[in-house]
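The values are calculated or read from the model by the stated rules, or taken from the named source; none is laboratory data. This one's a predicted model, so the numbers in the text were calculated from it and none came from an experiment. When we count neighbours, we look across all protein chains shown, and the Cβ atoms used for this are built from the backbone with ideal geometry, even at glycine.
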């Protein structure tokens with residue numbers, strides 16, 4: 001059975017080194033500041049989150065008008081948050097996640113199955129800018145890596161997708177179970193590369209889950 005702490009000790013430094021890109025970190029911090037600076041011009045804040053989401057490729061296939069409306073909705077959500085921190089509590093994270101899903105759902109066209117487009121990746125990235133200490137970012141690399149780690153370490157996931165946030169709920173359950181195992185291996189020195197502890201696991205998952213050898 002895989003020992004996650006041992007894996008983390010060996011591979012977290014490698015994953016952080018590969019992703020130690022100061023310009024990207026600065027871009028993230030600029031976006032977090034814009035989202036949370038309620039006294040800044042609204043157009044500047046909307047423009048910044050729009051560009052940031054676009055850089056993560058989560059606005060693909062939307063029209064320019066819809067992209068702007070989504071960015072405006074994210075800022076409106078940020079300005080009307082019920083709480084300013086979530087204390088890394090899954091139930092609070094899911095509450096906020098689901099609220100933003102509902103806000104954005106009206107911009108999602110129906111697919112061939114007559115269901116709205118999935119917004120898990122888009123919403124997790126947008127809401128991370130509001131709660132950078134609390135929100136695990138969902139993407140396919142991270143999801144695939146979590147599936148592998150849970151199988152090899154015999155971690156059981158019991159969550160089921162019954163609501164609009166079901167996909168993210170399962171992801172969160174797995175993420176926090178893995179995080180519990182690797183957190184003791186997160187050296188404070190790692191946080192000099194990126195200040196948010198949750199992004200250390202994000203980095204490791206991206207390293208494990210990436211599909212191409214030429215990116216290693």
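Observations on the model:
- Failed condition for residue 5, given (1) over 19 Å from the mean Cα position of the chain (by Cα); (2) farther than 26 Å from residue 197 by Cα: (2)
- Residue check for residue 183: at pLDDT 90 or above, more than 13 Å from the chain's Cα centre (by Cα), part of a helix (DSSP H, G or I) and within 23 Å of residue 3 (Cα to Cα): yes
- Residues of segment 195-213 that are under 19 Å from residue 132 (Cβ atoms) and out of contact with any helix residue (DSSP H, G or I) (no Cβ under 6 Å at 6 or more places or on another chain): 195, 196, 197, 198, 199, 202.
- Yes/no for residue 25 being out of contact with any helix residue (DSSP H, G or I) (no Cβ under 9 Å at 6 or more places or on another chain), at pLDDT below 95 and within 18 Å of residue 79 (Cβ to Cβ): no
Residues checked against (1) modelled with pLDDT under 95; (2) out of contact with any helix residue (DSSP H, G or I) (no Cβ under 9 Å at 6 or more places or on another chain):
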| site | (1), (2) |
| --- | --- |
| 76 | no, no |
| 102 | yes, yes |
| 119 | yes, no |
| 124 | no, no |
| 128 | no, no |
| 131 | no, no |
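- Options 167, 133, 173: the member that is assigned to a loop (DSSP other than H, G, I, E, B) and over 17 Å from residue 11 (Cβ atoms): 133
- Contact map, segment 86-108: first residue on the phi > 0 side of the Ramachandran plot and surrounded by fewer than 16 Cβ atoms within 10 Å (Cβ to Cβ), second residue modelled with pLDDT of 95 or more and not in a helix (DSSP H, G or I), Cβ cut-off under 8 Å, separation 6 or more or different chains; pairs are 87/134.
- Criterion violated by residue 151 - all others in (1) over 15 Å from residue 202 (Cβ atoms); (2) at pLDDT 95 or above; (3) assigned to a helix (DSSP H, G or I) satisfied: (2)
- Any hit, segment 172-186, residues being within 22 Å of residue 24 (Cα to Cα) and touching a residue at least 12 places away in the same chain (Cβ under 8 Å): yes
- Candidates 72, 67, filtered to the one that is free of Cβ contacts under 8 Å to residues at least 24 places away in the same chain, crowded, with 16+ Cβ neighbours inside 10 Å and more than 30 Å from residue 180 (Cα to Cα): 67
- Where residue 194 falls short, out of the listed (1) more than 18 Å from the chain's Cα centre (by Cα); (2) closer than 19 Å to residue 207 by Cα; (3) surrounded by 16 or more Cβ atoms within 10 Å (Cβ to Cβ); (4) at pLDDT below 90: (1)
- Taken as a whole, the condition of being modelled with pLDDT under 90 and surrounded by 14 or more Cβ atoms within 10 Å (Cβ to Cβ) does not apply to residue 113.
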